[in-house]
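Just passing along the structure, written as structure tokens.
The values are calculated or read from the model by the stated rules, or taken from the named source; none is laboratory data. The structure presented is a predicted model; accordingly, all values stated were derived computationally and were not measured. Heads up, the Cβs are rebuilt from the backbone with ideal geometry, glycines too, and the neighbour counts pull from every protein chain shown.
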Amino acid sequence: MTQATGSSNLQQWSRRLLAAILLGGQVVMHLISRPLHRRNTIEQMAAVGPESLLIALLTASFVGMVFTIQVTREFINFGASTAVGGVLALTLARELAPVLTAVILAGRVGSAFAAEIGTMKVTEQIDALQILKTDPVDYLVIPRVVACALMLPVLTLLSFLTGMGGGLLIATNLYGISQTVFLTSAQNFLSIWDLISAIIKAFIFGLLIAVIGTSWGLTTTGGAKGVGQSTTTAVVTALLAIFISNFFLSWLMFQGTDSAVLGGV
């Protein structure tokens, strides 16, 4: 019985994943050929960006402080305390800022998309839109996709700056590393490509979060219980998509033997 249930859940998840891929294709085609619902898009940008800003910045600041505590201890023992700022900058720009900000949005925004659209689906509001000759993809999906794709890079850059600020606070006050040394190290290690890579990753993560959240909402069945299940599986699927795509993006962007650390010392 348990095996049959697990197999059924896997089949359902696979069907919904395929539906999400098809929805992504629809979004691209509609963006090319149809006008954007500006009011809906602005409303979604406000929900994704400003309303997520505080939790994203709080997370980034504490991550930057914790990372600095762990790294500085070891670097001081190896006589490399002047590299702390640079290593923190590289880590935040390449991985921590885009990935952690995306994780926050997957939990906060992706779940909201799935729950809101799922509720509309089971209460037949989606059918009502179609009767009124309003395409749910144009009206509900595309504004959310555009909002996530545009606002997540902005949140990522702000998270990067906040994480650097938290690391600087710890390095100067707990370990006596001068502000000039910390910032000079960050400037020497960090390249413009590192910031561009963070923006590219955040843009792709935003697309994945929005498409998965809205697709799971549109394929919701089974009333209130189905909405809860859709919300949970949408978040889990979005997190998996973020981590898997992050691996491939990192491999494409940073493979090779060039060292930013050696170049910045």
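Kindly provide the set of residues from the range 48-79 that are closer than 30 Å to residue 218 by Cβ and either surrounded by 17 or more Cβ atoms within 10 Å (Cβ to Cβ) or charged (D, E, K, R) (or both), ordered by number.
48, 49, 51, 52, 56, 59
Of the numbered conditions (1) assigned to a helix (DSSP H, G or I); (2) in contact (Cβ under 8 Å) with a residue 40 or more places away in the chain, residue 36 satisfies every one except a single condition; which is it?
Just one mismatch for residue 36, condition (1).
Residues of the range 170-203 being under 30 Å from residue 147 (Cβ atoms) and not in a helix (DSSP H, G or I), which ones?
First, pick out the residues of the range 170-203 that are under 30 Å from residue 147 (Cβ atoms): 190-203.
The answer is 190, 191.
If residue 176 meets every condition in (1) over 20 Å from residue 57 (Cα atoms); (2) touching a helix residue (DSSP H, G or I) at 6+ places or on another chain (Cβ under 6 Å) apart from one, which number is that one?
Every condition holds for residue 176 apart from (2).
Now for a separate question. Suppose we filter the range 59-79 for residues that are more than 14 Å from residue 169 (Cβ to Cβ) and not in a loop (DSSP other than H, G, I, E, B); how many remain?
From the range 59-79, those more than 14 Å from residue 169 (Cβ to Cβ) are 59, 70-71, 73-79; that's our starting set.
From what's left, not in a loop (DSSP other than H, G, I, E, B): 59, 70-71, 73-77.
Matching residues across the range 59-79 total 8.
May I pose another question? Test residue 31 against the criterion of being exposed (fewer than 12 other Cβ atoms within 10 Å of the Cβ), out of contact with any His (no Cβ under 7 Å at 6 or more places or on another chain) and part of a helix (DSSP H, G or I), and give yes or no. Steps first, answer last, please.
On the way: exposed (fewer than 12 other Cβ atoms within 10 Å of the Cβ): no; out of contact with any His (no Cβ under 7 Å at 6 or more places or on another chain): yes; part of a helix (DSSP H, G or I): yes.
No.
Give me the pairs: first residue in the range 173-184 and free of Cβ contacts under 8 Å to residues at least 60 places away in the same chain and more than 9 Å from residue 85 (Cα to Cα), second residue surrounded by 12 or more Cβ atoms within 10 Å (Cβ to Cβ) and of a type outside the set (Gly, Ala, Ser), beta-carbon distance under 8 Å, and six or more apart or on different chains, which are they?
178/172; 179/168; 179/172
Residues to consider are 239, 249, 208; find the one that is at pLDDT 95 or above and either more than 20 Å from residue 52 (Cβ to Cβ) or part of a loop (DSSP other than H, G, I, E, B) (or both). First the steps, then the outcome.
Details: 239 fails: either more than 20 Å from residue 52 (Cβ to Cβ) or part of a loop (DSSP other than H, G, I, E, B) (or both); 208 fails: either more than 20 Å from residue 52 (Cβ to Cβ) or part of a loop (DSSP other than H, G, I, E, B) (or both).
Checking each option against the conditions leaves just 249.
Just to check your reading of the model, which residue among 59, 41 is modelled with pLDDT of 95 or more and within 22 Å of residue 153 (Cβ to Cβ)?
Details: 41 fails: modelled with pLDDT of 95 or more.
Within the list 59, 41, the selection yields 59.
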